[in-house]
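Comments concern the structure below.
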Amino acid sequence: MTTARYRPTWDLALDPLVSCKLCLGEFPLEQMTTITQCQCVFCTLCLKQYVELLIKEGLETAISCPDSACPERGHLLENEIECMVASEVMQRHKKLQFEREVLLDPCLMWCPSSSCQAVCQLKETEVALPQLVQCAVCTLEFCSACKANWHPGQACPPPENNLPITAFLPGETSSFYKSDDDDGPIKRCPKCKVYIERDEGCAQMMCKNCKHAFCWYCLESLDDDFLLIHFDKGPCRNKLGHSRSSVIWHRTQVSYSMLAHSLFSFIAFCLSLSFTHWTSRVQHEYTWTVLCKNTGW
């Protein structure tokens, strides 16, 4: 019997099985994918799911090798990613890359209007100083430092003020923008000050500009609150916007994922030692058999 999971001992040298570090399964070479930069090998299905997860969740723009112990710290090339995922997933990947480039370029900035979100160009000679920026799409004029209305001759307002924009786009009014103390539809990201609009649903927000996670009501950081304990006490108690059962299910999934990652890492280490020992033994037996045949023993 010859399957993808089992091969007779004498067939190993002709068609070896390769172990995947992600699922711990063994597959023939044609079902494996090698990352060009680091030469790490994984089964194609696991690597595809890994890449799709990172892109869909917006976790990374540079897709790194899934092996945390990779000596080369390799990354997947664009053509490798494109061959692996659907076209719509690839489009999202390129969009995330563009957003990352805007964030890292000191001469580029997002328009703070939630109705626009175009990319604005800053004067390169005055990047370190507050300057007037006019959006080429919606013509909104704002300060490059605080992202509020342009205020010539005046210092930027303190960050805690989070003053709203008062120069509105066509069809907008002052009632559309409310302060951070109420339940208005638009607030600033506490970290990068870009305006964010919330229609409905979950109170756990993530800024698409800087990826900062925070509570919609009090703006407290949720970057390290994976279990969303913030919504168990204080003024934001039970304001998450989900049922209690869904919150418990979320916490169970997070806890299981953290436990499973540690457990799988340990199992993978043990299996790798066992596989190395087994391979060495098979090779030794094969060499001894050949030696006996050649010497006539």
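The values are calculated or read from the model by the stated rules, or taken from the named source; none is laboratory data. For clarity, every value in this text was computed on a predicted model and none was experimentally measured. Please note: Cβ atoms are built from the backbone with ideal geometry, for glycine as well, and neighbour counts cover all protein chains shown.
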### Query
Name the residues in region 46-85 that are more than 21 Å from Gly25 (Cβ to Cβ), among the aliphatic types (A, V, I, L, M) and surrounded by fewer than 12 Cβ atoms within 10 Å (Cβ to Cβ), would you?
Leu59, Ala62
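Inside region 36-62, can you point out the residues that are outside any helix (DSSP H, G or I), under 24 Å from Lys95 (Cα atoms) and polar (S, T, N, Q)?
Keep residues of region 36-62 that are outside any helix (DSSP H, G or I), which gives 36-43, 58-62.
Narrowing further to those that are under 24 Å from Lys95 (Cα atoms): 36-37, 58-62.
Selection gives Thr36, Gln37, Thr61.
Of everything in region 106-155 that's polar (S, T, N, Q) and modelled with pLDDT of 85 or more, which residue is farthest from Lys208 (Cα to Cα)? Even if it seems obvious, please write down each step before you answer.
Going residue by residue through region 106-155, those that are polar (S, T, N, Q) are 113-115, 117, 121, 125, 131, 134, 139, 144, 149, 154.
Filter again for modelled with pLDDT of 85 or more, leaving 121, 131, 134, 139, 144, 149, 154.
Working: Gln121: 19, Gln131: 24, Gln134: 21, Thr139: 22, Ser144: 18, Asn149: 22, Gln154: 30 Å.
Per the stated criteria, the residue is Gln154.
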#### Entry: Top-ranked residue of region 46-99 - restricted to ones that are among the hydroxyl-bearing types (Ser, Thr, Tyr) and farther than 20 Å from Lys21 by Cβ, ranked as nearest to the chain's Cα centre (by Cα)
Thr61
